[in-house]
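What follows is a short report on a single structure.
The values are calculated or read from the model by the stated rules, or taken from the named source; none is laboratory data. These figures come from a predicted structure and were not determined experimentally. Here the Cβ positions follow ideal geometry from the backbone for every residue, glycine too, while neighbour counts run over all protein chains shown.
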Amino acid sequence: MDINGNVNAFYIHNSSKDSNVIDGGLANTKNTNGNGASSINTGLLPSWLGVTGKTRQNDLDVEFTISLQPGASSTSSLAGGGGNENRQAYLSFGDKSWGTILIGKNLGQFGRDAILNDMTLLGVGSQGVVGTAGGTTTTLGRIGTGFIYADFQGQINYTTPNMNGFEATVGIVQPISSLNLSTSSASVGGNQKSPAYEGVVRYSFAANDVSGKIWAEAKGQKAYMRTRTNSDTYGSTATYAAAGDESVWVAGIGGNLKVAGFDLTGYYYNGEGVGTTAFLMDGLSSTGAKRDSDGGYVQALYSLPTKTKVGASWGQSNLDRANSSDNSTTLVKSNEMWTIGAYHPLTKHLNLVAEFNNVESETHGNYKLENKTYSAGAILFF
């Protein structure tokens, strides 16, 4: 049995000078009380408490994990300290001779390596459109400005044994409905005929002082769509008409290299109908036509003699119009972010973190929204 997780919190100051509204944009608008907003909040990683059990029975390695993620921020009196999440509840069984089967809720495979190599995993990154003044369980990091979120979802998958560095995972995933930030987007209904499918192939290597990993991944789903018949964005009074099935897909490739104190990461993805930021978000036009999307990020970290890691990264996620009739001028065209960060291990388990992030969103109507985020805090693993 093992108890594991982390506790983290940061002072975050968000600054924006603009008031433009961008559907699907991740840059924050100007606060009604001025151009700044402060909060004490968790970062990209929520605080985490996990319980894991492992055993060997009947020639099988059997494991379970259940976890919960408490919030660290609230925005009003008597609010109880923010929200809570339950991201993991899975079991797995297998043997190194033939592989492992996992059943339950866990981090997805598509986008997993992209987010786990993101340096803002220890920090804050982007706050996203809903995180300007605390009260959330987590920020966005680089989600939506370089990769699509892997998300925690129900799944059944199979992972091969490690074969001289090669390993593959394939499986079925809970099919999802879309969350649309644009009134010009069709909705994908919650009840789907078929599961989503995802898979990834990874190759890890190490020689002398050089180590690294390369991966290729894909995800797809047949989505039953509904087109919007009024302008309600989030659905409280929205009405829809059936629009049929559409197959959506996305593929990605990435790599990480560690050599001579440097830690380098590169990633790229391309898809049809999957949208941006999260899987199926704004991926379909109001008539159900698929929008192409792509993006990626590059990142460089360097370990100083003090063991402090300093780094910089840049990434962008793009969303195209589906056709000439998909002509909303407020639909996001791109979300871009620059990040500069410093991560110092005060002890083996405790890291001090300082970050600067600049997020810029642009619409298909060619107007932009930009905000800057400054953060400082600590994260403790146990």
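Is there a residue being among the β-branched types (Val, Ile, Thr), out of contact with any Cys (no Cβ under 6 Å at 6 or more places or on another chain) and at pLDDT below 95 anywhere in the range 275-289? There is at least one residue in the range 275-289 that is among the β-branched types (Val, Ile, Thr), out of contact with any Cys (no Cβ under 6 Å at 6 or more places or on another chain) and at pLDDT below 95.
Do we find a residue being modelled with pLDDT under 60, assigned to a strand (DSSP E or B) and on the phi < 0 side of the Ramachandran plot anywhere in the range 233-241? Yes, the range 233-241 contains a residue that is modelled with pLDDT under 60, assigned to a strand (DSSP E or B) and on the phi < 0 side of the Ramachandran plot. May I ask you to verify whether Gly171 is at pLDDT below 85 and not aliphatic (A, V, I, L, M)? No.
Among the residues of the range 45-67, the ones that are closer than 26 Å to Gly199 by Cα, of a type in the set (A, V, I, L, M, F, W, C) and not in a loop (DSSP other than H, G, I, E, B) come to 4 in all.
Quickly run through the range 291-321 and pick out the residues that are polar (S, T, N, Q) and within 20 Å of the chain's Cα centre (by Cα). Matches in the range 291-321: Ser293, Gln299, Ser313, Gln316, Ser317, Asn318. For residues in the range 248-279 being surrounded by fewer than 24 Cβ atoms within 10 Å (Cβ to Cβ) and closer than 20 Å to Leu179 by Cβ, which is nearest to the chain's Cα centre (by Cα)? Looking at residues that are surrounded by fewer than 24 Cβ atoms within 10 Å (Cβ to Cβ) and closer than 20 Å to Leu179 by Cβ, I get Ala278.
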